[in-house]
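Bear in mind that the values in this text are calculations on the coordinates, not laboratory data. Quick caveat, the model's predicted, so the values are computed rather than measured. Cβ placement follows ideal geometry from the backbone for every residue including glycine, while neighbour counts extend to all protein chains displayed.
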Amino acid sequence: MKKAIIAIIAVAAAAACFFAGTAVGKTGGEKPDGGVSDSKPENAASEPKQEEEKEMKPHNVFFSPNTGSDETGDASQWNPVKTKEKAEELAKNITLADDEEIVLLEYMMTVDVKTQAAAEVFSDAGGVNMIPFTGSADGYYFKGDIVGTGCDTQKYAPNDGGVMFSARYMLKGTDYTGQSCSIFIENNGPALDLCVPTVITDSKALADWQNYSLRAIVVPVDGGVSVNVYRIH
């Protein structure tokens with residue numbers, strides 16, 4: 001498994017998920033002919049217009065305290081810098097689109113997934129594709145293997161075909177203190193680079209992972225995917 005920086009289940013499209021609406025209220029009096037007036041009564045209070053909340057896309061800036069380099073890294077996914085401070089410095093010079101925001105991602109580990117034959121069902125009610133997988137995890141903080149078989153479940157909406165990814169699996173191995181431990185991961189999201197992992201572990205050294213805001217980026221590779229796990233700062 002490569003030691004370079006990687007994220008949990010990444011390369012596919014990006015997408016964000018914030019929705020809001022606008023509401024404008026209008027009142028009017030009757031015209032002499034019985035119609036509705038185009039103008040508001042003179043003393044009618046105007047209802048403020050709500051601004052539509054923009055759908056923000058992440059512009060990721062990567063760093064890795066254990067494998068990055070502040071001298072040669074450029075804060076890209078495959079060439080992260082070493083420190084958060086360097087990542088913040090480089091982020092200041094990034095020109096963002098109106099719908100983009102900086103997201104600092106600290107590399108945690110990579111899970112190399114080997115997929116097996118899928119089972120699927122589709123109807124007017126939607127579709128489900130279930131993909132069993134095995135694999136192993138590598139990184140500075142944890143090394144281990146998937147226990148038995150995990151499963152990636154892809155649910156497709158009946159109308160617009162939108163998809164929701166959900167993977168669950170157990171890892172057993174050793175944390176960076178040399179202690180044996182297990183890690184359960186549930187990874188959910190609407191796109192391969194916008195998955196949110198949640199963690200349960202019996203490792204005292206990795207206990208904080210259970211409270212971190214995490215992101216997984218899934219990258220398709222031969223025979224499966226590479227799931228890169230990051231901490232959001």
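Shown here for the range 55-141: GluC sites (Glu not before Pro) in loop regions (DSSP other than H, G, I, E, B) with at most 11 other Cβ atoms within 10 Å, namely GLU71.
Please report TYR140, TYR169, TYR230 as a ranked list, fewest other C-beta atoms within 10 angstrom at the top and most at the bottom.
On the way: TYR140 14, TYR169 24, TYR230 30.
Listed from fewest to most nearby Cβ atoms, that is TYR140, TYR169, TYR230.
Between GLN77, ASN66, THR134, whose Cα lies farthest towards the positive end of the dipole of the range 57-232 when Lys and Arg beta carbons carry +1 and Asp and Glu beta carbons carry -1, centred on the Cα centre? Projecting each Cα onto the dipole axis, the largest value belongs to THR134. Placing a label point 7 Å from the Cα of VAL147 along the Cα-to-Cβ line, the residues of the range 193-213 whose backbone N sits under 15 Å from it are 199-204.
Quote to one decimal, in nm, the extra length available between MET170 and GLN210 on full extension: 0.36 nm per residue of separation minus the C-alpha distance between them.
On the way: separation 40, 0.36 × 40 = 14.40 nm, distance 1.43 nm.
In short, 13.0 nm is gained.
Note on LYS84 and LYS155: the model spin-label points, each 7 Å out from Cα along the C-beta direction, lie 3.4 nm apart. Arranged from fewest to most other beta-carbon atoms within 10 Å of their beta carbon, PHE142, PHE63, PHE184 become PHE184, PHE142, PHE63.
Relative to the Cα centre, the charge distribution of the range 57-232, modelled as +1 at Lys and Arg Cβ and -1 at Asp and Glu Cβ, gives a dipole magnitude of about 500 debye.
With only Lys, Arg, Asp and Glu charged, each at its Cβ (+1 for the first two, -1 for the last two), find how big the charge dipole of the range 182-233 is about the Cα centre; round to the nearest 20 debye. Please report the intermediate quantities before stating the final value.
On the way: 3 positive and 5 negative charges, 30 e Å.
Dipole of the range 182-233, to the nearest 20 debye: 140 debye.
Each residue in ARG215, ARG231 was given a count of other beta-carbon atoms within 10 angstrom of its own, and listing them fewest first yields ARG231, ARG215. Using C-alpha pairs under 8 Å with a sequence gap of at least 6, the mean separation divided by the residue count of the range 57-232 gives a relative contact order of 17 percent.
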